[in-house]
Amino acid sequence: SFQNEINEVPFFDIQLPYELALKIFQYLGKTELGRCAQVSRTWKVLAEDEVLWYRLCQQEGYLLDTSISDHSCWKLALKNCRARERTLKTNWKNRIGAVSQLQYELGKILCDVHSCDGVVIAGYTSGEVRLWDTRTWDYTAPILEPMHGPGDAGPQPHVSFVRINSSLAVAAYEDGTVSIWNLMFGREPIHRYQHNQRIQALALASEGATVATASGFEVKVESPDDRGFWQTTETFEIQKLVNFLNLVPDVTGSPVTVAAAEDIVYLLKAEDPGKILHSVYGQPVTCLDVSAHEAAFGVKTFGWLLNEPNQILLYNLETSQCLKKMGNSIGDFTCVNLQNSPPNMLVTGNKDRRVRVFDLRKSESLCSLYAHQLGVSAVQMDDWKIVSGGEEGLVCVWDQRMGTKLWEMHARHPVRHVWFNSHSLITANIPHEKTPRGASIMDDDLTAHRKYRGIIYAYEFSVDQLAVESILPICRSSYDGVTGYNYNIGLAVPYDNI
């Protein structure tokens with residue numbers, strides 16, 4: 001080929017070796033490479049070198065887990081990725097795609113919902129825990145079996161909390177038991193442990209196998225040892241009841257837990273068991289989120305006394321220093337999302353009906369969006385959009401840079417869970433009232449009226465509408481089989497035979 005003949009590349013009045021010329025071209029972007037390709041035949045070969053376009057593709061964050069030999073034309077691969085992203089953005093903005101309800105009739109009333117990468121877990125008042133995999137439209141959800149003890153003949157306790165990551169599912173029940181399932185190994189729990197009192201909070205590591213639970217004045221951390229046997233790795237005694245609990249992601253060595261108990265935030269490590277990160281008497285913590293190096297939490301201050309409104313505090317977990325105090329609002333901050341936000345960004349929801357985005361390098365908010373009549377209850381953002389859920393049951397999708405609402409959806413109960421990635425969105429409306437009056441004649445009657453049950457929605461803003469996965473199951477029938485009884489229906493051409 002022509003490229004094999006090129007050893008020397010003409011650079012104005014000197015000849016450069018091909019490798020050296022390639023090194024120079026590595027500093028160019030897409031537009032510059034396009035211009036260089038028009039200079040001469042030699043430069044065109046150089047500007048379309050696979051190494052350059054593979055690197056550009058990686059720099060823009062596409063196809064990160066591929067190697068250079070996986071595609072024959074990386075320029076085309078980059079073009080396709082960008083086109084797909086543009087289409088997805090348009091679909092999000094105009095709500096083009098499919099929406100499904102993840103329903104489970106026998107589960108009585110929804111108690112808690114969590115999701116990880118499109119797999120949804122839900123716990124019900126009937127004590128049942130259920131999974132859906134929305135990546136494959138597999139809506140025949142498996143039930144995760146509870147571990148029945150010898151005396152478990154009566155009704156199951158309600159589920160208090162559920163959590164899921166890529167390999168584990170965890171549920172905590174009203175009676176203080178915790179069950180852990182491995183998603184690879186079927187429906188029986190691989191581990192179960194018990195607290196003496198009701199569980200206040202449950203946390204599961206975002207990757208790996210660590211579970212933390214808080215009950216009474218105790219925080220327990222469970223994880224498997226080298227041989228895979230689960231055990232209690234840490235037990236921490238603290239002075240107050242825990243409201244929020246998070247495991248710090250990406251920690252090497254023994255797990256680190258952040259617990260907010262009324263007006264104290266603890267940093268719980270094995271080597272420093274009672275370490276207090278933040279404590280101001282009489283100023284309770286109202287929400288908490290933790291990333292690999294920082295913790296962000298809302299603090300309720302009593303403004304008329306101290307003349308200091310409610311704020312979001314940001315702490316560094318390595319140095320335990322307060323890095324920032326952000327926001328000043330009369331309402332309490334009800335939710336904060338630090339872990340899933342873009343770098344140096346943070347999004348919060350407040351009782352004063354506003355969603356605020358903060359840049360961690362500044363203290364004032366970048367934008368403040370007004371919605372949710374009864375206050376914001378769940379929020380997540382990426383580099384261009386924000387999805388927020390409210391106590392009144394509204395889910396809103398916003399264009400962050402424009403500060404405008406793109407669309408909204410309403411359901412009856414408060415939005416307690418919001419999760420999205422580039423092409424799908426999962427929202428859950430969970431009722432406050434777990435035992436609605438007049439809903440059933442007897443306690444074991446499973447006919448709680450649908451309006452009391454709560455609801456989970458899965459949206460798929462799929463680009464590739466031709467792909468089988470993006471079509472609803474009912475539309476997937478093929479017309480290949482010409483034989484088969486046609487029930488005397490005269491169908492319109494071209495499919496006169498079913």
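The values are calculated or read from the model by the stated rules, or taken from the named source; none is laboratory data. Just so it is clear, the structure is predicted and the values come from calculations on it, not from any experiment. Cβ atoms come from the backbone with ideal geometry, glycine included; neighbour counts cover every protein chain shown. Just so you know, the surface numbers come from the protein's heavy atoms only, side chains and all, with ligands and any DNA or RNA stripped out. Shrake-Rupley method; radii C 1.70, N 1.55, O 1.52, S 1.80 Å.
Among what's in segment 37-58 and is surrounded by fewer than 17 Cβ atoms within 10 Å (Cβ to Cβ) and free of Cβ contacts under 8 Å to residues at least 24 places away in the same chain, pick the residue that is nearest to ALA77 (Cα to Cα). Break it down stepwise before answering.
Going residue by residue through segment 37-58, those that are surrounded by fewer than 17 Cβ atoms within 10 Å (Cβ to Cβ) are 37-41, 44, 50-51, 55, 58.
Now drop any that are not free of Cβ contacts under 8 Å to residues at least 24 places away in the same chain, which leaves 37-39, 44, 58.
Details: ALA37: 18, GLN38: 21, VAL39: 24, LYS44: 18, GLN58: 11 Å.
Per the stated criteria, the residue is GLN58.
Pairs, please: C-beta under 6 Å, at least 6 apart or cross-chain, first residue closer than 16 Å to LYS220 by Cβ and in segment 234-258, second among the polar types (S, T, N, Q) and open to solvent by less than 40 Å² (accessible area, probe 1.4 Å)?
Once the first residue is closer than 16 Å to LYS220 by Cβ and sits in segment 234-258, its partners that are among the polar types (S, T, N, Q) and open to solvent by less than 40 Å² (accessible area, probe 1.4 Å) give LEU247/THR210; LEU247/THR257; PRO255/THR210; VAL258/ASN246.
Grab the strands (runs of 3 or more DSSP E) fully contained in segment 216-299, keeping just those with 3 or more residues being more than 15 Å from ASN316 (Cβ to Cβ) and in contact with a strand residue (DSSP E or B) (Cβ under 9 Å, 6 or more places away or on another chain). Let's see the steps before the verdict.
Values: elements: 218-224, 230-237, 244-247, 257-261, 264-268, 276-279, 285-290, 294-299.
Counting at least 3 such residues, we get 218-224, 230-237, 244-247, 257-261, 264-268, 285-290.
So TRP53 fits all but one of (1) hydrophobic (A, V, I, L, M, F, W, C); (2) in a loop (DSSP other than H, G, I, E, B); (3) touching a Lys or Arg at 6+ places or on another chain (Cβ under 6 Å); what number is the exception?
Tallying (1) hydrophobic (A, V, I, L, M, F, W, C); (2) in a loop (DSSP other than H, G, I, E, B); (3) touching a Lys or Arg at 6+ places or on another chain (Cβ under 6 Å), TRP53 fails exactly one: (2).
List the number of the failed condition for LEU76; all other conditions in (1) aliphatic (A, V, I, L, M); (2) assigned to a helix (DSSP H, G or I); (3) surrounded by 12 or more Cβ atoms within 10 Å (Cβ to Cβ) hold.
Just one mismatch for LEU76, condition (3).
Of all residues in segment 114-142, count the ones that are at pLDDT 90 or above, touching a Ser or Thr at 6+ places or on another chain (Cβ under 7 Å) and among the polar types (S, T, N, Q).
Total satisfying the criteria: 0.
From THR334, THR319, THR257, which residue is of a type in the set (Val, Ile, Thr), surrounded by 14 or more Cβ atoms within 10 Å (Cβ to Cβ) and farther than 28 Å from TRP398 by Cβ?
Working: THR334 fails: farther than 28 Å from TRP398 by Cβ; THR319 fails: surrounded by 14 or more Cβ atoms within 10 Å (Cβ to Cβ).
One residue alone meets the criteria, THR257.
Go through segment 195-218 and give me each residue that's of a type in the set (A, V, I, L, M) and under 25 Å from ASN340 (Cα atoms). Before you say what the answer is, go through the steps one by one.
Step one: of segment 195-218, the residues of a type in the set (A, V, I, L, M) are 199, 201-205, 209, 211-212, 214.
Within segment 195-218, ALA201, LEU202, ALA203, LEU204, ALA205, ALA209, VAL211, ALA212, ALA214 qualify.
Considering only residues of segment 337-358 that are in a strand (DSSP E or B) and open to solvent by 10 Å² or more (accessible area, probe 1.4 Å), which is nearest to PHE244 (Cα to Cα)? If you could, list the steps in order and put the result at the bottom.
If we filter segment 337-358 for residues that are in a strand (DSSP E or B), which is where we start, we get 337, 345-350, 354-358.
Still in the list and also open to solvent by 10 Å² or more (accessible area, probe 1.4 Å): 337, 345, 354, 356.
Numbers: ASN337: 13, MET345: 21, ARG354: 22, ARG356: 21 Å.
Selected residue: ASN337.
Consider only pairs whose beta carbons are under 9 Å apart and that are at least six residues apart or on different chains; among these, list those whose first residue lies in segment 193-207 and is surrounded by 22 or more Cβ atoms within 10 Å (Cβ to Cβ) and whose second residue is of a type in the set (D, E, K, R).
ILE199/GLU174; ALA203/ARG163; LEU204/ARG163
Within segment 197-212, can one find any residue that is in the same structural domain as GLN321 (by the TED database), β-branched (Val, Ile, Thr) and not in a strand (DSSP E or B)? Give the steps one after another, and end with the answer.
First, the residues of segment 197-212 that are in the same structural domain as GLN321 (by the TED database): 197-212.
Add one more test, that the residue is β-branched (Val, Ile, Thr), and what stays is 199, 210-211.
Still in the list and also not in a strand (DSSP E or B): 210.
Within segment 197-212, one or more residues are in the same structural domain as GLN321 (by the TED database), β-branched (Val, Ile, Thr) and not in a strand (DSSP E or B).
Would you check if LEU20 is open to solvent by less than 30 Å² (accessible area, probe 1.4 Å) and either over 40 Å from the mean Cα position of the chain (by Cα) or at pLDDT 90 or above (or both)?
Numbers: open to solvent by less than 30 Å² (accessible area, probe 1.4 Å): no; either over 40 Å from the mean Cα position of the chain (by Cα) or at pLDDT 90 or above (or both): yes.
No; evaluated as a whole, the condition is false for this residue.
Can you report the number of residues in segment 401-422 which are open to solvent by less than 50 Å² (accessible area, probe 1.4 Å) and within 15 Å of SER115 (Cβ to Cβ)?
6
Which of the residues spanning segment 79-107 are open to solvent by less than 40 Å² (accessible area, probe 1.4 Å) and either of a type in the set (Phe, Trp, Tyr) or closer than 30 Å to ILE430 by Cα (or both)?
LEU88, ASN91, TRP92, ALA98, SER100, LEU102, TYR104, GLY107
How about segment 241-266: which of its residues are of a type in the set (A, V, I, L, M) and either more than 22 Å from PHE161 (Cβ to Cβ) or within 20 Å of the chain's Cα centre (by Cα) (or both)? Explain how you work it out, then say what you get.
If we filter segment 241-266 for residues that are of a type in the set (A, V, I, L, M), which is where we start, we get 241-242, 245, 247-248, 251, 256, 258-261, 264-265.
Within segment 241-266, LEU245, LEU247, VAL248, VAL251, VAL258 qualify.
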